[in-house]
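Read through the structure below, which is laid out as structure tokens, and then see the notes.
The numbers here are math on the coordinates, done by the rules we state, and not lab data. None of the values given here were measured: they were computed from a predicted structure. Note that we place each Cβ from the backbone using ideal geometry, even for glycine, and neighbour counts take in every protein chain shown.
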Amino acid sequence: MNLPSLGYVLDVTYQWIKAGHLIFVIFWIAGLFMLPRYYVYHQESPPGSAEERRWIDRERKLRNIILTPSMILVWIFGITLATVGHWWASGWLSLKLLLVLGLSGYHGYMVGYGRKLANGQRPVSGKALRLMNEVPGIATAAIVILVIVKPF
Ligand code: HEM
């Protein structure tokens with residue numbers, strides 16, 4: 001019987017982990033695109049209305065079912081890839097980690113902002129929320145260039 005070599009098994013395992021990483025990257029970033037949009041629409045609803053309550057519910061589900069679990073899985077798969085692939089010393093990964101930490105901070109801020117909205121506060125204008133909504137797109141473009149081109 002011909003057994004596959006250890007190198008082949010490790011290669012295939014690495015590819016499966018990378019697939020898992022990318023699936024949850026897509027879910028996470030899609031959620032980060034949607035959440036501030038929801039907040040903009042939420043802030044356009046009359047305070048205390050049934051419409052506002054529906055937005056609070058949608059936002060909570062998006063955060064708890066998609067966003068936060070996806071972020072955790074992206075980190076777990078990413079750290080596994082970096083360890084198995086011996087990438088920790090690479091310059092591109094250091095810069096990518098800085099950007100991903102920034103994105104995780106943005107995620108945390110947006111989760112906190114949702115709690116404020118649910119408590120009846122609306123501290124940030126719709127215009128500022130729309131501007132902040134550009135952050136995940138810009139960070140994603142920079143991260144994808146870093147992982148694909150690996151310029152350093
Ligand atoms: C949370 C921390 C993260 C860590 C530690 C991490 C680490 C890694 C590592 C080590 C690879 C493998 C590179 C290779 O085999 O060439 C990888 C692949 C990739 N990562 Fe991440 N990553 C993280 C988050 C993200 C985020 C947030 C994005 C996108 C916004 C992203 C996008 C990608 C892409 C597109 C690839 C595939 C590159 C290829 O096709 O080879 N990663 N990541």
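How would you rank V147, V9, going from fewest to most other Cβ atoms within 10 Å of each one's own Cβ?
Values: V147 16, V9 11.
Ordered from fewest to most neighbouring Cβ atoms within 10 Å, V147, V9 come out as V9, V147.
Return the single residue from V84, V74, V40 with maximal mean-square fluctuation; model: Gaussian network over the chain, springs between Cα atoms under 10 Å.
V84
How far, in degrees from 0 to 90, does helix 135-149 lean away from the longest principal axis of the Cα atoms of the chain, to the nearest 10?
Tilt of helix 135-149: around 10 degrees.
Cα axis of helix 6-43 to longest principal axis of the chain: angle in degrees, 0 to 90, nearest 10?
For helix 6-43, the angle is close to 10 degrees.
Any lysines with Cα under 18 Å of the K127 Cα? List them, leaving off those in the same chain fewer than 8 positions away.
Those lysines meeting the cut-off are K116.
How far apart, in nanometres, would the label points at Y109 and A50 be if each is projected 7 angstrom from Cα along the Cα-to-Cβ direction?
With each label point 7 Å from Cα toward Cβ, the separation is 3.6 nm.
Determine the alpha carbon to alpha carbon distance for each of K18/K150; K18/K96; K61/K150 and list only those over 25 Å.
Going by Cα-Cα distance, K61/K150 fall outside the 25 Å limit.
How large is Rg/Rh for the range 6-149, to two decimals, with Cα atoms and a Kirkwood Rh?
1.07
D for the range 16-84, whole µm²/s, Stokes-Einstein with Kirkwood Rh over alpha-carbon pairs at 10 °C and 1.306 mPa s: what number?
Values: Rh = 13.2 Å.
This corresponds to a translational diffusion coefficient of 120 µm²/s.
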